Every structure is written in structure tokens, then in C-alpha cells.
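Inspection log for the structure reproduced underneath, given as C-alpha cells.
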Amino acid sequence: MQLLENPSKAIGEGFSTLFSVGINLAFWVTLVFALIERAGARDLPTAGLVSVRTNRSWTPDDLPKYEPHATTVGQLATELSWLAVLIAALVLQQFTFTDQPLLDPAGWHLWWPLLILAFLLRGAFYVVVYRQAAWTGATVLGNTVAALLWAVPTVWLLAAGRFFNPAFHGLAHSDVKHWVTVSVIMAVALITVWDTVEVIRRASAARRGVPAKPSDDLCTLV
């Protein structure tokens, strides 16, 4: 295969395209499901305390009943969309963008299939939580395990120098590879901690019977 004359440009263009596709996929899928979800909601009272369609005085019975839903359809669609983007990126980087893949090709013997499996299990967990419709101690434990299944191998591979491809041109300089590795380790750790704490917060609120307004999800990675 002919070497690229400007690998940095190719890397930028490739990942820019992938990121753009991922953003659009997550946005439009989430928007569609959110609209569907909204369309199914019952009428809410107006600020003038008069029901819009029944033209009657507002009463406390018109208040929406609190139901401790763990996730909405829109949140589920967003999580599954981002997992699909991560799996697609993991596979496509091996065959596209540059003459050398970004990640170590030796990882396909074990680690990359395991990461894909971890992402699939994470997706299955999201579906279970959605169907269960509540955050419980069991879902907190399941979320923690699902997060660690991908975070621990990723951090270990990064720390051991087995995550990135040694032949990848953009990381040939040792200083660049070092700072990229440290940055990715910190990002993985922060995402994992944030996700775990957020789920614990939601479960705690559900136990108290308080509606837990979800924080804006990091494009989940997971």
C-alpha cells in the first residue's frame, strides 16, 4: 500500500468525518425518539390554570404523576447510537483513514473483540434498565460492572503501551505518544467515575421517591 504523503492531514480528515457522522447519527436518532415520546405525552395545564382542550379549571389532579422512570426512549436511543459509533470506529480504523491503523493490530487477537463485546453488553444493560423502569441497587452494581468491563482493559492497554499501533505515523514521536496516552487514560477514568456517581445519584433519588433529573449525558461513551 502506498504511503500517504501527509498522514497528519489524512488522520484529521478521517476522524473529522467519523466524528461528524457520529454526531449526526446520535442527534437525529435522539431527536426522532424524543418527538415520538413527546407525542405520546398527555396534555399539560397551561399557565392560566385552564386546561387547553377541556376548557375547565385546573385542579391538582392535572399535575403529572411522578413515575420513577430510569431512562427515556430518547436517552436509550442516544446511548445505543454512541455505542454503535464506538464499535464502528474501532473496526473502521483498522481498514481506513491511513495506511497504518491507529490501534495496535495485535489487539484483534483478543482485546479489540473483548472491547466490542463489552460495548454490546453495555448496550444490553441499557435496554434492561429501560425495561425495568427504575434505578435500583442491582442496576447500580450492573452499571459499575459494565463500565469497568471496558474501562479497565482500556487503561491497562494504554499503560502497558499496547493500545496504539507502534507503526502509526502520527504517534512516532515518543513525547506525542506519551501525552496522548496520558490524556486518554484521564478521559477514560473521568468518564467512568462520572457515570458511576451519576447512576448512584439517580438510584438514591429513586429510593427517596424524588424525581432525579438526569444530568446531560456525556456522549456516552459508554
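The values are calculated or read from the model by the stated rules, or taken from the named source; none is laboratory data. The structure presented is a predicted model; accordingly, all values stated were derived computationally and were not measured. Ideal geometry is used to build each Cβ from the backbone, glycine not excepted, and the neighbour counts take in all protein chains shown.
Quick notes on this structure:
- Residue selected from segment 170-204 under the condition touching a residue at least 60 places away in the same chain (Cβ under 8 Å) and more than 22 Å from Trp111 (Cβ to Cβ), by the criterion nearest to the chain's Cα centre (by Cα): Val199
- Selection within segment 172-189 - within 15 Å of Val152 (Cα to Cα) and in contact with a Leu (Cβ under 9 Å, 6 or more places away or on another chain): Thr181, Val182, Val184, Ile185, Ala187, Val188
- Qualifying residue in segment 119-135 (condition: part of a helix (DSSP H, G or I), within 22 Å of Asp195 (Cβ to Cβ) and small (Gly, Ala, Ser)): yes
- The listed residue being of a type in the set (Gly, Ala, Ser), in a helix (DSSP H, G or I) and modelled with pLDDT under 90, out of Ala206, Ala88: Ala206
- When each of Thr139, Thr144 is tested for being among the hydroxyl-bearing types (Ser, Thr, Tyr), buried (at least 18 other Cβ atoms within 10 Å of the Cβ) and within 20 Å of the chain's Cα centre (by Cα), the lone residue that passes is Thr139.
- Residue that is assigned to a helix (DSSP H, G or I), loosely packed, with under 13 Cβ neighbours inside 10 Å, at negative phi and among the hydrophobic types (A, V, I, L, M, F, W, C), where the choices are Ala106, Ala151: Ala106
- Condition check for Val180: in a helix (DSSP H, G or I), of a type outside the set (Phe, Trp, Tyr), at pLDDT 80 or above and under 24 Å from Gly142 (Cβ atoms): no
- Of everything listed in (1) basic (Lys, Arg); (2) more than 18 Å from the chain's Cα centre (by Cα); (3) modelled with pLDDT of 85 or more, the single unmet condition for Arg122 is (2).
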